[in-house]
Structures are given as C-alpha cells and as structure tokens.
1. Strands (runs of 3 or more DSSP E) wholly in segment 1-120 with at least 1 residues that are open to solvent by 50 Å² or more (accessible area, probe 1.4 Å) and of a type in the set (Asp, Glu) - which ones?
2. Could you say which residue among ILE31, ILE51, ILE70 is in contact with a Lys or Arg (Cβ under 6 Å, 6 or more places away or on another chain) and touching a residue at least 24 places away in the same chain (Cβ under 8 Å)?
Amino acid sequence: QVQLVESGGGLVQAGGSLRLSCAASGRTFSIYVMGWFRQAPGKEREFVAAISWDGRSTDYADSVKGRFTISRDNAKNTVYLQMNSLKPEDTAVYYCAASSSWSARPISYDYWGQGTQVTVSS
C-alpha cells in the first residue's frame, strides 16, 4: 500500500508558476512509476506527466510540453510537478498516482492522492 498526499496548489494568474509536490509513504516509493493527472469540471481525468522509477525517463501530454517539468527525489519519497507559463485551461484538480508499469492511462495506476486544486485566472 502506498499513501500519496499532494500539496502546492492554489490560485495564480495566467503566465505564473506553481510547484506541486506529492509525498509518498508506505511501500517502497522508488520502485514505482509516478504520474500526474488532472481533472477539470465536467471532463475526464487526463494524463499530464510521468516519470520512471529512476527519474531517467519522462513523458508529457502535448498540452504541457515545454511548460511543465516532472521530477522526483527518491530519498525524500517525493515527486514534483513544476508548472510554468500557466494558462486558464490548466485549471483543474491535479492528482499524483503510482504505477508498477510505464503508462499514461489512469487505469494503470494503482494508488492515488486526494488531489490539489489549481486555478489559473485570466
């Protein structure tokens, strides 16, 4: 079992930045692929970014490439999402998740945090 707790969300103006954190506890954090997903009101949960267990591989949704950066610190059991040049369409609840396989599909992720709200004003 892995417990995930997100933090760092908030209200920011368009063009601003936020850094989300996801702290993990429980089973060995370093063996999992970690992902960030988001869900806006009335929309399905969508993939944002993923990082391999060793941090060497990353993947991003086209909508955030060049603006968001995923990273992890296995010594701190934490994964981060640095979000720059934020746009109003980035407004959503952001979730971190852990998976035992490399995937961009929510169904492949076994453990989820409770989510943190990100609101970008125009």
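1. On the way: elements: 2-7, 10-13, 18-26, 33-39, 46-51, 58-60, 68-73, 78-83, 92-99.
Those strands (runs of 3 or more DSSP E) span 46-51, 58-60.
2. ILE51
The values are calculated or read from the model by the stated rules, or taken from the named source; none is laboratory data. Note that the coordinates shown come from a computational prediction; the quantities given were computed from them, not determined experimentally. Don't worry about glycine lacking a Cβ; one is built from the backbone with ideal geometry, like all the others, and counts go over all protein chains shown. When the accessible area is computed, the model is the full protein with side chains, heavy atoms only, and any ligands, DNA or RNA have been set aside. Shrake-Rupley method; radii C 1.70, N 1.55, O 1.52, S 1.80 Å.
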